[in-house]
Amino acid sequence: MAKHSAAAPLLFQKVLVKLSGEALMGANGYGIDVGVLDRVAGDLGEAAELGVKLCVVVGGGNIYRGLAGATNGMDRATGDYMGMLATIMNGLALANTLQAKGLQARVMSAIPMPTVCESFVRSRALHHLEADRVVIFVGGTGNPFFTTDTAAVLRAAEMDCDALLKGTQVDGVYNADPAKSPDAKRFDRLTYNYVLEKDLRIMDGAAIALARDNRIPIIVFSIKKQGGLAELLLGKGSSTTIDGGRGE
Ligand code: UDP
């Protein structure tokens with residue numbers, strides 16, 4: 001794998017990128033769009049080629065959300081298991097596209113599915129990262145009543161990542177919806193406690209609290225912008241950092 005020159009140092013050596021299922025969705029508003037998948041995989045490939053160790057957690061909201069099932073009368077836990085299965089489909093699609101681009105990628109599931117992909121075993125995941133393989137964690141935490149945001153922080157902690165990079169549809173956290181308010185201002189930096197107190201819903205509260213307790217910075221960036229991930233790793237572009245603030 002081509003490695004980045006020392007001229008422009010990378011901000012982080014090991015990161016976890018959280019992609020919502022929404023990140024793989026096209027104009028149809030459902031499922032996986034092959035063109036979008038290809039662009040996102042291209043961005044991940046570009047990041048991996050910079051030499052960063054890359055973990056990915058992918059959501060499933062483009063296919064199924066347990067809460068939506070529960071509001072339609074389905075048992076919540078069953079709906080959540082269906083949501084977790086949706087993340088496995090997304091992860092397989094992503095790994096396949098990365099492999100087609102010549103990258104080494106492995107899918108590891110929190111729900112054992114040995115004929116489909118590897119089961120999550122921390123030591124094996126660390127081994128894959130050492131071998132410069134992109135590791136895609138699927139199946140969420142393996143437990144209902146959680147989200148893939150919490151799974152992302154959990155895996156970032158287990159893999160000892162320097163940061164969690166949360167890909168969203170906009171380039172950070174704003175004080176109003178930038179799609180509706182042209183004067184909306186982007187925050188450069190926020191603290192975990194501010195995000196929790198103001199209930200900003202960038203990620204669920206459990207995920208933010210787990211990141212705070214384990215001192216994992218969360219960087220919110222745009223996954224819609226082609227090349228945005230590599231820019232972020234090189235300290236360019238715009239994003240919002242959520243951390244403990246000064247004096248941590
Ligand atoms: N889910 C779960 N436990 C987990 C992770 C996910 O039960 O640890 C289920 C839950 O139903 C959730 C769905 O999987 O709605 C899809 O995950 P999520 O909503 O986090 O996906 P995203 O919003 O990132 O696309």
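The values are calculated or read from the model by the stated rules, or taken from the named source; none is laboratory data. In this text, all values refer to a predicted model and were calculated from it rather than measured experimentally. Please note: Cβ atoms are built from the backbone with ideal geometry, for glycine as well, and neighbour counts cover all protein chains shown.
Table for the structure above
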read-out: Output for region 76-87, where each listed residue is buried (at least 19 other Cβ atoms within 10 Å of the Cβ) and either more than 13 Å from the ligand (Cβ to nearest atom) or charged (D, E, K, R) (or both); value: 80
read-out: Considering residues of region 219-240 that are without any contact (Cβ under 8 Å) to a residue 60 or more places away in the chain and among the aliphatic types (A, V, I, L, M) only, the residue nearest to residue 10 (Cα to Cα); value: 219
read-out: Any hit, region 172-193, residues being surrounded by fewer than 22 Cβ atoms within 10 Å (Cβ to Cβ), part of a loop (DSSP other than H, G, I, E, B), within 13 Å of the chain's Cα centre (by Cα) and at pLDDT below 95; value: no
read-out: Residue check, residue 207 among the hydrophobic types (A, V, I, L, M, F, W, C), assigned to a helix (DSSP H, G or I) and touching an Asp or Glu at 6+ places or on another chain (Cβ under 8 Å); value: yes
read-out: Long-range neighbours under 7 Å by Cβ, at least six apart or interchain, first residue free of Cβ contacts under 8 Å to residues at least 40 places away in the same chain and more than 17 Å from residue 148 (Cβ to Cβ) within region 161-176, second assigned to a loop (DSSP other than H, G, I, E, B) and among the basic types (Lys, Arg); value: 174/185; 175/185
read-out: Any hit, region 94-106, residues being more than 18 Å from residue 138 (Cβ to Cβ), within 12 Å of the ligand (Cβ to nearest atom) and surrounded by fewer than 15 Cβ atoms within 10 Å (Cβ to Cβ); value: no
read-out: Tally of residues being crowded, with 20+ Cβ neighbours inside 10 Å and either more than 8 Å from the ligand (Cβ to nearest atom) or in a helix (DSSP H, G or I) (or both) across region 134-158; value: 14
read-out: Subset of region 55-75 (residues that are over 14 Å from residue 223 (Cβ atoms), outside any loop (DSSP other than H, G, I, E, B) and either within 8 Å of the ligand (Cβ to nearest atom) or under 18 Å from the mean Cα position of the chain (by Cα) (or both)); value: 55, 66, 67, 68, 69
